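The values are calculated or read from the model by the stated rules, or taken from the named source; none is laboratory data. These numbers were taken from a predicted model, which means no experiment stands behind them. Using ideal geometry, Cβ is built from the backbone for each residue, glycine included, and neighbour counts are taken over all protein chains shown. Please note that ligands, DNA and RNA were not included when accessible areas were found on the heavy atoms of the full protein model with its side chains. Shrake-Rupley method; radii C 1.70, N 1.55, O 1.52, S 1.80 Å.
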Amino acid sequence: MEYKINTIEDLLLVILVILMIGVALMLIFVILQTNSTTKRLIAYKTGQTYEEFDFGKWWKKITGTTVSVKDEKEILLDHDYDGIKELDNHLPPWWLNLFYITIIFSVAYLLIFHVWKKAPLSGEEYEISMEKARKEVEAYQAQQGNAIDENSVSLTLEDTKALANGKSIFDANCAACHGANGEGTVGPNLTDEYWLHGGGINNVFKTIKYGVPEKGMISWQSTIKPKDMQDVANYILSLQGSKPANGKAPEGELFVVAADSTAQQ
Ligand code: HEC
């Protein structure tokens, strides 16, 4: 469970809750006041004496018979351990009751968390939230992957995992027409700087996505996921200048990328 104030609505809700607590406190005060006034009236009518609320008495109840520091001499025991003396003071009830509450709490905690296992321990809580985060990241990445198009496609030549994925897709789907090393057979040589449909990551992605059906290059967008099309496009660009054996003669035009771009290496 997360408690975050993200929106104005959340903030208004918090303010509302605080206001409601304030109103509740006011109501309690009014009820107490009415109660004491009624008692006072009854006492007045019946001629009995009315006992005012006595703070001192109430205070005594919580602090108990604890002897205050200035009167400590009276409760000093006659034990004397090398000058260290012992006091025989009572524990104040507020403290004692808190202590009992902690004992009850610990039993309840033990039962709930360790015996009945009704709630996760902090370690498990950590695991659960990590798992949740992992799923969120996965969902985000999947969504990102599907969002890739010829404009947002990125050059990931340093990403060896992506290149390896691109190679396996190439081997399975493209090698038949472009050669095992991209040297070209039915399809053109993909390792030179000459392109029929433009070089660079955006153009290559576009050709893969839409294909050139009339020339025998399939449109892959319905069979290969956008992220995978990005990977295979990067794999193809990683073959630039590799000069495989039996390379098909260059086709198309020399594609020069802007000097500061690494699209073709
Ligand atoms: C059935 C054969 C065939 C398959 C399979 C095939 N291609 Fe092609 N590909 C071609 C042909 C033919 C062309 C040339 C189209 C033209 O002449 O316009 C081409 C062109 C291309 C081009 C453009 C080259 C340029 O010079 O602009 C790219 C990039 C490309 N293919 C990538 C791929 C990828 C990636 C795959 C696998 C996912 C693939 N191809 C699978 C036949 C194929």
Could you put Ser122, Ser219 in order of accessible surface area, largest first, with the 1.4 Å probe and the full protein assembly present? Ser122, Ser219
In whole angstrom, note down how far apart the Cα centers of the range 156-200 and the range 11-41 are. 76 Å
Sites removed, the longest contiguous part of the chain containing no DSSP-loop chymotrypsin sites (Phe, Trp or Tyr not before Pro) with at most 15 other Cβ within 10 Å is 117-265
Whichever lysines have a C-alpha closer than 30 Å to that of Lys206, once near sequence neighbours (fewer than 8 apart) are set aside: Lys161, Lys167, Lys215, Lys225, Lys227, Lys243, Lys248
How much length is gained on full extension from Leu110 to Gln144, taking 0.36 nm per residue of separation minus their Cα-Cα distance? 7.8 nm
Residue separation between Ile75 and Lys45 times 0.36 nm, minus their alpha-carbon distance, gives in nm 6.1 nm
Given the range 160-254 reduced to its alpha-carbon atoms as identical point scatterers, what log10 I(q)/I(0) does the Debye formula return at q = 0.17, 0.20, 0.21 Å⁻¹? -0.65, -0.93, -1.04
For the chain, what is the accessible area per residue in Å² when the probe is 1.4 Å? 76 Å²
Cα long-axis angle, helix 200-210 against the chain (0 to 90 degrees, to the nearest 10): 80 degrees
To the nearest whole percent, what portion of all C-alpha pairs in the chain is separated by more than 29 angstrom? 67 percent
FRET efficiency for Thr7 and Lys85, Cβ-Cβ distance as r, R0 = 41 Å, nearest 0.05? 0.05
Out of the total accessible area of the chain (probe 1.4 Å, heavy atoms of protein only), what percent is carbon and sulfur? 63 percent
As I understand it, the value is the acute angle between the Cα axis of helix 226-238 and the longest principal axis of the Cα atoms of the chain; what does it come to in degrees, rounded to 10? 50 degrees
³J(HN,Hα), Karplus 6.51/-1.76/1.60, whole Hz, each residue of the range 192-199, x for Gly, Pro: 9, 8, 9, 10, 7, 10, x, x
Rounded tilt (10° steps) of 8-46 against the dominant C-alpha axis of the chain: 10 degrees
So how far apart, in nm, are the two label points at Trp59 and Ala133 if each is 7 Å from Cα heading toward Cβ? 5.1 nm
One computes Rg over Rh for the range 1-159 from alpha-carbon atoms, with the Kirkwood Rh, and obtains 1.25
